[in-house]
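**Q** Quick one: structure below, then a few questions.
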Amino acid sequence: MRIGYGWDSHEFKDGIPLKIGGVQIPCEKGLSGHSDGDVLLHALTDALLGAVAAGDIGGYFPPSDPRWKGADSIIFVQEALQQVRRAGYAIANVDSTLILEEPKIGPHSLRIRSRVAELLGIQPGQVSVK
Ligand code: MG
């Protein structure tokens, strides 16, 4: 068994879509970034890569590369998942903690858990978002 940790931080900006865990959440502000700013999927990507010592998100998808401008972060998770599988592992569970004042995540957590589970090929009961 191996365990990986991921961490990320993005700045809120007015007038851009807020995407967390592959789910668009109604909000006047979104998370800015070179890609779609999906902070949860970025941290998840790093956790998966870290678990199998396969580098980090910046190594695969450098922000200096214009190919990843506005990219859907699902691509990053898919690459990390491939690395986990290539190393001969399967995901048992994912736990995540979001730190933000607004918007409240509770009303959206089931949708996020379901989406993340779908991306990873596991069940929502194996994904925690709090
Ligand atoms: Mg990021």
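The values are calculated or read from the model by the stated rules, or taken from the named source; none is laboratory data. Bear in mind that the values here come from a model prediction, so they are computed numbers and not experimental data. Cβ: placed from backbone, ideal geometry, glycine included. Neighbour counts: every protein chain shown.
**Q** For Leu49, state whether it is within 15 Å of the chain's Cα centre (by Cα), closer than 24 Å to Pro124 by Cα and of a type outside the set (Val, Ile, Thr).
**A** Judged against the criteria, Leu49 is a match.
**Q** Still on this model: For segment 39-48, give me each residue that is more than 17 Å from Lys130 (Cβ to Cβ) and crowded, with 24+ Cβ neighbours inside 10 Å.
**A** Once the filter is applied, which keeps residues that are more than 17 Å from Lys130 (Cβ to Cβ) and crowded, with 24+ Cβ neighbours inside 10 Å, segment 39-48 yields His42, Thr45, Leu48.
**Q** Now a separate question. Check whether at least one residue in segment 75-83 is touching a His at 6+ places or on another chain (Cβ under 9 Å) and over 15 Å from Leu120 (Cα atoms), and report yes or no.
**A** No: segment 75-83 contains no residue that is touching a His at 6+ places or on another chain (Cβ under 9 Å) and over 15 Å from Leu120 (Cα atoms).
**Q** List every residue pair whose Cβ atoms lie under 6 Å apart, where the two residues are 6 or more positions apart in sequence or sit on different chains, the first residue falls within segment 32-57 and is under 13 Å from Pro17 (Cα atoms) and touching a residue at least 12 places away in the same chain (Cβ under 8 Å), and the second residue, located anywhere, is more than 9 Å from the ligand (Cβ to nearest atom) and in a helix (DSSP H, G or I).
**A** These pairs meet every condition: Ser35/Trp68.
**Q** Count, please, the residues in segment 1-34 that happen to be within 13 Å of the chain's Cα centre (by Cα), more than 11 Å from the ligand (Cβ to nearest atom) and assigned to a loop (DSSP other than H, G, I, E, B).
**A** Summing the residues that are within 13 Å of the chain's Cα centre (by Cα), more than 11 Å from the ligand (Cβ to nearest atom) and assigned to a loop (DSSP other than H, G, I, E, B) in segment 1-34 gives 3.
**Q** Name the residue that is farthest from the chain's Cα centre (by Cα), counting only residues in segment 67-86 that are over 16 Å from Pro17 (Cα atoms) and within 14 Å of the ligand (Cβ to nearest atom).
**A** The selected residue is Trp68.
**Q** Which of the following residues is of a type in the set (S, T, N, Q), in contact with a Gly (Cβ under 9 Å, 6 or more places away or on another chain), buried (at least 16 other Cβ atoms within 10 Å of the Cβ) and modelled with pLDDT of 95 or more: Ser73, Ser35? Outline the logic, then answer.
**A** On the way: Ser35 fails: modelled with pLDDT of 95 or more.
That would be Ser73, the only listed residue that is of a type in the set (S, T, N, Q), in contact with a Gly (Cβ under 9 Å, 6 or more places away or on another chain), buried (at least 16 other Cβ atoms within 10 Å of the Cβ) and modelled with pLDDT of 95 or more.
**Q** Here's something else I'd like to know. Quick check on Ser64: is it over 20 Å from Leu119 (Cα atoms) and within 13 Å of the ligand (Cβ to nearest atom)?
**A** no
**Q** For the structure I just gave you, tell me whether Pro107 is farther than 23 Å from Met1 by Cβ and in a helix (DSSP H, G or I).
**A** Details: farther than 23 Å from Met1 by Cβ: yes; in a helix (DSSP H, G or I): yes.
Answer is yes for this residue.
**Q** Would it be correct to say that Ile112 is within 11 Å of Leu40 (Cβ to Cβ), crowded, with 17+ Cβ neighbours inside 10 Å and among the aliphatic types (A, V, I, L, M)?
**A** Yes.
**Q** Among the residues of segment 35-53, which ones are within 11 Å of the ligand (Cβ to nearest atom), in a loop (DSSP other than H, G, I, E, B) and either among the hydroxyl-bearing types (Ser, Thr, Tyr) or in contact with a helix residue (DSSP H, G or I) (Cβ under 7 Å, 6 or more places away or on another chain) (or both)?
**A** Ser35
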